[in-house]
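Enquirer: Pasting in a structure now, in structure tokens, and then I'll have a few things to ask.
The values are calculated or read from the model by the stated rules, or taken from the named source; none is laboratory data. Treat the numbers as computed from the prediction; the structure is a model and nothing was measured. When we count neighbours, we look across all protein chains shown, and the Cβ atoms used for this are built from the backbone with ideal geometry, even at glycine. Keep in mind that these areas ignore ligands, DNA and RNA; they rest on the heavy atoms of the full protein, side chains included. Shrake-Rupley method; radii C 1.70, N 1.55, O 1.52, S 1.80 Å.
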Amino acid sequence: MSVRKKTAILISGNGSNMAALVAAAQAPDYPAEIALVICNVPGAGGIARAQSLGVPVKVISHKEFDSRENFDAAVDAALRDAQIELICEAGFMRIHSAWFAERWEGQILNIHPSLLPAFPGIRVHEQVLAAGENESGCTVHFLTPELDSGPIVLQAKVPVLPGDTKETLAARVQIEEHKIYPEALKLVASGNVSLKDGKAIFV
Ligand code: GRF
């Protein structure tokens, strides 16, 4: 049996992508095991969700640290304690210090609810609707120090429909997120995609 990559998921909220990754990793041939969930928001819905799925959860509140660097150092220590090899950020609402992103380069993925490079940042669905787009989607990318701009691993598209609100559009996008994130982690954990010289290389 091949060795599965020890993976952590970083969340701040609901954890629906986390749950999708945990579900996928239950397949015996999946190349990653979800060994740890870290949440920076005490009481976030994703904490109980991870516990109910039987995944170890660590709550590290950013509010207890006096700087971004010190918070990232605590997250980094928890990841190293658990011998984590890959990280999936799934609705993790903190920007990392550059050293953290550099230290984990090639081993850290993020999911964003737009077709990057379009609509980086926050309030994505509002922006997509305001711009009158007829298509949106989601992107899994390698995390780099520049926000929402790392090399893309996978994307999925959805239509923007007449009468859409940010909630209906978000729900349609999330259905696709829950498919592409497990697929993207599988590609990276199996070595079929890797980051080299700032590019996502597919073998
Ligand atoms: C997702 O839409 C993701 O793209 C964005 O934050 C949301 C997290 O949702 N980065 P959940 O916590 O996984 O339900």
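Enquirer: Extending each Cα 7 Å along its Cβ direction at A27 and R103, get the distance between those two points in nm, one decimal.
Expert: Taking the two extended label points, one gets 3.3 nm.
Enquirer: Quote the relative contact order of the stretch 5-202 in percent (integer), defining contacts as alpha-carbon pairs under 8 Å separated by 6+ residues.
Expert: 20 percent
Enquirer: Please name whichever of A8, N110, G150 sits farthest to the positive end of the charge dipole of the chain, dipole taken about the Cα centre and charges placed at Cβ: Lys and Arg +1, Asp and Glu -1.
Expert: So the residue furthest toward the plus end is A8.
Enquirer: Among P182, A25, V203, whose Cα projects farthest towards the positive end of the dipole of the chain, with charges put on the beta-carbon of Lys, Arg (+1) and Asp, Glu (-1)?
Expert: The listed residue farthest towards the positive side: A25.
Enquirer: Using only protein heavy atoms and a 1.4 Å probe, report how much of T7 is accessible, in Å² to the nearest 10.
Expert: Spelled out: T7, probe radius 1.4 Å, area about 0 Å².
Enquirer: Something else: Note down the nm distance, to one decimal, between modelled labels 7 Å out along Cα→Cβ at R94 and at A82.
Expert: The modelled label-to-label distance comes out at 1.3 nm.
Enquirer: Please pull out the direction-averaged projected area of the stretch 85-167, using the convex hull of its alpha-carbon atoms, in nm² to one decimal place.
Expert: Orientation-averaged projected area of the Cα hull: 5.4 nm².
Enquirer: What is the distance in Å between the Cα centroid of the stretch 166-189 and that of the stretch 19-34?
Expert: Computed from Cα coordinates, the inter-centre distance equals 15 Å.
Enquirer: Can you tell me the length gained on complete extension of the stretch A171 to Q51, counting 0.36 nm per residue apart and subtracting the Cα distance?
Expert: Separation in residues times 0.36 nm, less the Cα-Cα distance, equals 40.8 nm.
Enquirer: Putting +1 on Lys and Arg Cβ atoms and -1 on Asp and Glu Cβ atoms, find which of G91, L161, V55 reaches farthest to the positive end of the dipole of the stretch 48-203.
Expert: Result: V55, furthest along the dipole toward the positive end.
Enquirer: So, one more: Please get the size of the charge dipole for the stretch 1-110, origin at its Cα centre, with Cβ charges of +1 on Lys and Arg and -1 on Asp and Glu, quoted in debye to the nearest 20.
Expert: I would put it at about 260 debye.
Enquirer: Name the residue, out of A130, A156, A32, whose mean-square fluctuation peaks in a Gaussian network model built on the chain with Cα pairs under 10 Å.
Expert: Looking only at A130, A156, A32, the largest GNM fluctuation is found for A130.
Enquirer: Given the C-alpha centroids of the stretch 42-56 and the stretch 57-123, what is the distance between them in whole angstrom?
Expert: 18 Å
Enquirer: Not counting ligands, DNA or RNA, and with a 1.4 Å probe, what is E146's accessible surface area in Å² rounded to the nearest 10?
Expert: E146 has an accessible surface of roughly 110 Å² with all protein chains in place.
Enquirer: Quick check of the Kirkwood formula: for the stretch 55-100, what is the inverse mean of 1/r over all pairs of different Cα atoms, in Å?
Expert: For the stretch 55-100, the Kirkwood estimate is 11.5 Å.
Enquirer: Between I47, I111, I95, find the one with the highest GNM mean-square fluctuation for the chain; connect C-alpha pairs within less than 10 Å.
Expert: I95
Enquirer: What distance in nm lies between label points placed 7 Å from Cα along the C-beta direction at K157 and R68?
Expert: Calculated label separation equals 3.4 nm.
Enquirer: Now, a different point. Whole number in Å², please: accessible area per residue of the chain, 1.4 Å probe, ligands, DNA and RNA not counted.
Expert: Ligands and nucleic acids excluded, the result is 48 Å² per residue.
Enquirer: If the viscosity is 1.567 mPa s and the temperature 4 °C, what Stokes-Einstein diffusion coefficient in µm²/s follows for the stretch 44-203 when Rh is the Kirkwood radius over Cα pairs? Mind showing how you got there, number by number?
Expert: Numbers: Rh = 16.9 Å.
My calculation gives 77 µm²/s for D.
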